[in-house]
Amino acid sequence: MSEQQTFDVVVIGAGPAGYHAAIRAAQLGLKTACIDAALGKDGKPALGGTCLRVGCIPSKALLDSSRQFWNMGHLFGDHGISFKDAKIDVEAMVGRKDKIVKQFTGGIAMLFKANKVTPFHGFGTLHKGNVVKVKQHDGSEVELKGTNVIIAAGSDSIELPFAKFDGDTIVDNVGALDFTEVPKRLGVIGAGVIGLELGSVWKRLGAEVTILEALPDFLAAADAEVAKAAAREFKKQGLDIQLGAKVSKAEVKGKGKKKEVHLTYTDAKGEQSLVVDKLLVAVGRRAATKNLLADDTGVKLDARGLVEVDEHCHTGVDGVWAVGDCVRGPMLAHKGFEEGIAVAELIAGLPGHVNFDTIPWVIYTEPEIAWVGKTEKQLKDEGTPYKAGSFPFAAIGRAVAMGEPAGFVKVIAHAETDRVLGMHLVGVGVSELVHEGVLTMEFKGSADDLARICHAHPTLSEAIHDAAMAVDKRAIHKAN
Ligand SMILES: Cc1cc2nc3c(=O)[nH]c(=O)nc-3n(C[C@H](O)[C@H](O)[C@H](O)COP(=O)(O)OP(=O)(O)OC[C@H]3O[C@@H](n4cnc5c(N)ncnc54)[C@H](O)[C@@H]3O)c2cc1C
């Protein structure tokens, strides 16, 4: 063991939450180290966490490739564009994704260098007294002591006891981002964000995709009308989503290219079976806290294994903080970004803060789904009086010109104050549009503010303008 090295801030994990915390701390003049255990596909250290290696960015790369392929068969004809024998080269598509991943993980290493964050590549365990022992990939161990330690260990896929990941036939997101060919039949357990996005990728490329979801409602966290509209579009695309389907067994049979997964599940009609060539298990993620904490740290985990923190991401142990997927709140990269920055600023004596009420949610399917703030159901349940206005993309010139008329925007405002309480969108490009809702809510704006703000014509954002006007039944381009 080498001599102990001391830092103002030691960050465990260089995912979105950890690298934001580390860079911001260094910007504020704090001597900062950041430890990460991950290796890339090439076996070399790769910073950036789940998001850059096997999450947000690679999934969006494949979503984009598969969208281009799908559009050739489903949209190009309407534009008068024809072609013969479109083919997908899966190796080239995955290679493009890998190149993007490498560019971005390498980018974090460069940002660390530019900001003078000292990286350590290996597994860190927190001990009493803010000491982090790091087992480096070369087998050596280093000991770091931080005046502050920020735990940003992130999350791992939840494995089902009867469907263990084998990296080939039964996979999580990591495997499903790296299939070497389009599976003929893909089964997905879980109709959440990851199941829908990765299911869409392989469906668009030609797989028969069946998604089995145990819950009776589709996208229960989303606005009910948004979920209904999205389900309708997914059905049109041929995504077979079975609700109330509880899987109890997944048996791999056969060998080599002939391997199949035989699934047993029960739904309202009783016991059912399904045979697929690949199975993606996407039933959620859990905090990556295994072996992270020595027994004597005083840092507590809750019943779900999340690191317990207060509203400022403080663990209650002097100088120990935790951020991102390994603490309560939505498992979203941008939630981790904000917590990482807030904690670095709090450590530096600044007023760091995260507004949980304005965190946007996005599902990057086609159509995209996005929202911020409360749903009508939540407002009804809590007894808040509200008014809602919606507007369809089918009446938006730009959306129709693009051949993308599906979906709508809904603006929800307080019935008395008119303050915007939520915005719910489904349609083309809504991952960008939702930020009008975020901004309005962050600045405590009203539906009338949105309605009086000039929106360029013709743009998709006009749907927000008209939806805001519809809140007071004065939308121009539809009957109110
Ligand atoms: C397929 C998929 C798609 C997604 N798409 C989106 C999306 O579009 N938008 C979005 O907002 N979110 C998305 N997410 C979620 C997003 O990736 C996570 O919310 C985000 O990465 C969490 O950031 P984090 O920094 O908390 O943890 P992570 O990104 O998980 O990073 C934690 C890092 O810490 C390292 N680590 C853990 N323990 C230790 C230790 N003891 N010592 C050293 N290193 C350690 C890990 O190796 C890892 O690199 C997606 C996730 C998946 C799986």
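Summary of computed values
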item: Dipole magnitude of the stretch 55-187, debye to nearest 20 (Cβ charges: Lys/Arg +1, Asp/Glu -1, about Cα centre); result: 480
item: Separation between Cα centres of the stretch 376-440 and the stretch 241-297, rounded to whole Å; result: 35
item: Label-point separation, residue 60 to residue 224 (7 Å along Cα→Cβ), nm; result: 3.3
item: Chain lengthening between residue 290 and residue 311 when straightened (0.36 nm per residue, less Cα-Cα); result: 5.2 nm
item: Translational D in µm²/s for the chain (Stokes-Einstein at 20 °C, 1.002 mPa s, Kirkwood Rh from C-alpha pairs); result: 89
item: The chain - share of DSSP beta bridges that are antiparallel (%, nearest 5); result: 65
item: Beta bridges per DSSP with both ends in the stretch 170-283, % antiparallel, nearest 5; result: 50
item: Nearest-0.05 FRET efficiency for residue 477 and residue 454, computed from C-beta distance (R0 22 Å); result: 0.90
item: Residue order, fewest to most surrounding Cβ atoms within 10 angstrom, among 465, 414, 79; result: 79, 414, 465
item: Rel. contact order, % - alpha carbon contacts under 8 angstrom, at least six apart, the chain; result: 15
item: Ranked list, fewest to most other Cβ atoms within 10 Å of each Cβ, for 189, 151; result: 189, 151
item: Theoretical FRET efficiency, 1/(1+(r/R0)^6), r = Cβ-Cβ of residue 3 and residue 435, R0 45 Å, to 0.05; result: 0.40
item: Contour excess over end-to-end distance, with Cα ends at residue 140 and residue 231 and 0.36 nm allotted per residue; result: 27.6 nm
item: Dipole of the chain [Lys/Arg +1, Asp/Glu -1 at C-beta], most positive-end residue of 341, 252, 123; result: 252
item: MRE, 222 nm, helices only [DSSP H, n ≥ 4, -39500 (n - 2.57), over the chain, to nearest 500]; result: -9500 deg cm²/dmol
item: Mean separation of Cα contacts under 8 Å (6+ apart) over length of the stretch 170-283, as relative contact order %; result: 34
item: Taking 374, 135 and counting other C-beta atoms within 10 Å, the order from fewest to most; result: 135, 374
item: Peptides ranked, highest mean first, by Cβ atoms within 10 Å: ranges 294-300, 407-413, 172-178, 259-265; result: 407-413, 172-178, 259-265, 294-300
item: Amide N of the stretch 148-180 lying under 18 Å from the label point, which is placed 7 angstrom from the Cα of residue 273 along Cα→Cβ; result: 163
item: Assigned charges on the beta-carbon of Lys, Arg, Asp, Glu; the stretch 170-283 dipole about Cα centre (debye); result: 520
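Where a number appears in this text, it was derived from the coordinates with a stated rule and is not lab data. These numbers were taken from a predicted model, which means no experiment stands behind them. Quick reminder, even Gly has a Cβ in these numbers, built from the backbone with ideal geometry, and neighbours come from all protein chains shown.
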